[in-house]
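This report refers to the structure that appears directly beneath it.
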Amino acid sequence: MVSQMKLSHTAAMILQAIDTGCVYGFSIMEMTGLPSGTVYPAMRRLERDELISSRWERQSIADAEQRPARKYYKLTAAGRVTLEGSRKRYPLLQRMIPSEEAKSL
Amino acid sequence: MNPALRLALGGMNRVFLHCASLLVSRDQRADWRREWSAELWHMRRSCPPSELLSWKAEQTAAAFCLGAFQDAFCVWGIRRQNREIAPSQHGSAGECLFWLAGLLALSWILACVLPGVYVESHPSHYQINPGLVLLQSDLFTDSSAATITGQQFLDLKASRQRGIDGLAFYRMTKETLSPGLHANPMWTVAHASFNLFALLGGAESFVALSSETSSGLPSVVLSDELWKREFSGNPKIIGSVVRVGRMAARVLGVLPRGSWRLPGRADAWLLQPDTEISRSAVGYVVAHTTRFGQAEIYDDRLHINAFVTDDPDADLWGVSFDERTRGPWTIFRFAVFLAFLALPAITSVSLGESCFSSHRPSLARNLYRWVFLSTKIVLLLSIAYFASLDLSYWNATGYSALSEYAQLASSFFICLFGMRWILLDQRERCPVCLRRVTHPAQVGQASRTFLAWNGTELMCTSGHTLLHVPGLPTSWFGTQRWMYLDTSWKFLFAGTGVG
């Protein structure tokens, strides 16, 4: 089942990065330090497994800021459950990429 | 860094992205390229201004773009996996319609190629004036036999007939027909009254009837076959003089193939005045009936008292030509009517829609199912029409009674057994996805029929339904039933696109 899916460390890092608010590919690259050839394929597989979902930013927002529109990613409910399991499996995950709540503490 | 070099390197990055995007399927390509272009733009903007024009920034951008190839490979792999686990098209509604459409296209192409079908499917070529009948002696039963002598025709024409206002005579002979004096093969020539084609009607477009007596010579109308074989299809032959037997005649026109629907097969029609008609020769008489005469036609037959000189008691029958000019569409409609009448005799007309629970597919699904059934029927009828014409006129170049019977029989059987197949096929299609149910499994034992059901269970490979067909119909389980599967069955069909 999806909730019992065991993720690789890289995939878990990407999930953790998205959970911390890095919602597009390049910001995940910056947060994790992983190259583009690792991050984007991993995100495709996570999306295929319905752990993350994507949506395009509204064009009007991008136009207002004079930049191209970006594709944003967010965790699904299944992704959140899987991330919880991965945090137990990889205890250092939250230290490497602290979540917003952890940062505020 | 040189701005031109920087521009070239930027172009190279875009080429990288473009090349990588070719690995992505066409429907995903635009979206994929848009995302990578946007990411590249943001990546460049993230560089500190001090490094913006440096080699390091360009290296970083190039490495970023090279990563696009790995991503494109990944998208391509995911796509291929999805295709492998997606349910195949085998047994789907689309596959069924595809094959039916293929058969229709094949039969239609054949119909376009076969000359006999072409002639039959253009009724304008053989339409004749309404109210025409073929007169025959009541001593003969064969409607295609020549039964009336030239003398009888002349007597009939001289007598007053309230039901008839036009008469024409023709008889068949074997004669040579050539442009010159040299010997030629024999052809069947119909010696006919001048007014034959005027009476038949529809010939004005290809026969110059008004010039029939202007030259003082008899006129001849050629058949399409004779024109092509003897005169090599030369259009300049019209108006020239040819020899018919020992007689010179002027060519009036060429009759299109399939236009001649009257009894007797002729290669040419020699139009002569009534005074030239041989009184002893036996031939055919065509008559045009008045309104009064048409009112007296019963069962396609009109009774006429001949009052001829040599046999005052002889009676004639006028047989309507409707049978010969009704065209293939009328025959096909009749065959379809017969097939639908006979259908309940060979199969149940039920669609087998009963189910175990009160669950019913949505209105849209029901509509989809009915549209599919209607499409199948329309395709089958179209196939039956063209295929029956192909079979009937495969070897014929025009009308024949045998071809008509062949068309009636082939249309009937194609429609009858085609409709039977359609109903059987529809009963074995999942009401939700219209895919054929498969994997038959025997359930229960025949010896325990009254304790538990026995029969065959089939399943929809998309996981929507199970079909139970009783092996031995009983009062409590007489016909097939559908069992709709709820979401608890979903995991069994995981990976086959259930949803």
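Any idea which of (1) farther than 30 Å from B:Arg80 by Cα; (2) among the hydrophobic types (A, V, I, L, M, F, W, C); (3) surrounded by fewer than 16 Cβ atoms within 10 Å (Cβ to Cβ) is the one A:Met31 doesn't satisfy?
All conditions pass for A:Met31, except number (3).
So which pairs qualify, if the first residue must be in region B:47-70 and more than 7 Å from chain A (Cβ to nearest Cβ), the second must be modelled with pLDDT under 90 and loosely packed, with under 14 Cβ neighbours inside 10 Å, the Cβ gap must be under 6 Å, and the two must be at least 6 apart or on different chains?
Going by the 6 Å Cβ cut-off, the qualifying pairs are B:Leu53/B:Met1; B:Ala57/B:Glu51.
When region B:435-462 is examined, which residues are found to be in a loop (DSSP other than H, G, I, E, B), surrounded by 13 or more Cβ atoms within 10 Å (Cβ to Cβ) and touching a Gly at 6+ places or on another chain (Cβ under 9 Å)?
The answer is B:Arg435, B:Val437, B:Gly444, B:Thr449, B:Trp453, B:Asn454, B:Thr461, B:Ser462.
Pick out, from region B:300-412, the helices (runs of 4 or more DSSP H) lying fully within it that include 1 or more residues that are loosely packed, with under 15 Cβ neighbours inside 10 Å and at pLDDT 90 or above.
Answer list for region B:300-412: B:327-346, B:363-392.
When you check B:Val241 against the structure, is it β-branched (Val, Ile, Thr) and surrounded by 16 or more Cβ atoms within 10 Å (Cβ to Cβ), yes or no?
Spelling it out, it is not the case that B:Val241 is β-branched (Val, Ile, Thr) and surrounded by 16 or more Cβ atoms within 10 Å (Cβ to Cβ).
What are the pairs, 6+ residues apart or on separate chains, where a residue within region B:22-44 that is within 11 Å of chain A (Cβ to nearest Cβ) has its Cβ under 6 Å from a residue that is among the charged types (D, E, K, R)?
B:Glu35/A:Lys71; B:Ala38/A:Arg70
For every residue, the table says whether it meets (1) modelled with pLDDT of 85 or more; (2) in contact with a helix residue (DSSP H, G or I) (Cβ under 9 Å, 6 or more places away or on another chain); (3) more than 14 Å from chain A (Cβ to nearest Cβ).
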| site | (1), (2), (3) |
| --- | --- |
| B:Phe73 | yes, yes, no |
| B:Arg80 | no, no, no |
| B:Ala105 | yes, no, yes |
| B:Leu110 | yes, yes, yes |
| B:Pro115 | no, no, yes |
| B:Pro123 | no, yes, yes |
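Can you find, within region B:471-482, the residue that is surrounded by the fewest Cβ atoms within 10 Å (Cβ to Cβ) among those that are of a type outside the set (Phe, Trp, Tyr) and under 23 Å from B:Arg369 (Cβ atoms)?
That would be B:Gly478.
Among the residues of region B:369-400, write down those that are free of Cβ contacts under 8 Å to residues at least 24 places away in the same chain and among the aliphatic types (A, V, I, L, M).
B:Val371, B:Val378, B:Leu391
Please go through region B:244-268 and pick out each residue that is outside any loop (DSSP other than H, G, I, E, B), over 15 Å from B:Glu230 (Cα atoms) and of a type in the set (A, V, I, L, M, F, W, C).
B:Met247, B:Ala248, B:Ala249, B:Leu252, listed by residue number.
So which residues in region A:29-42 are touching a Cys at 6+ places or on another chain (Cβ under 7 Å) and modelled with pLDDT of 90 or more?
Hit for region A:29-42 is A:Pro41, nothing else.
The values are calculated or read from the model by the stated rules, or taken from the named source; none is laboratory data. Note that the coordinates shown come from a computational prediction; the quantities given were computed from them, not determined experimentally. Note: ideal-geometry Cβ built from the backbone for every residue, glycine included; neighbour counts use all protein chains shown.
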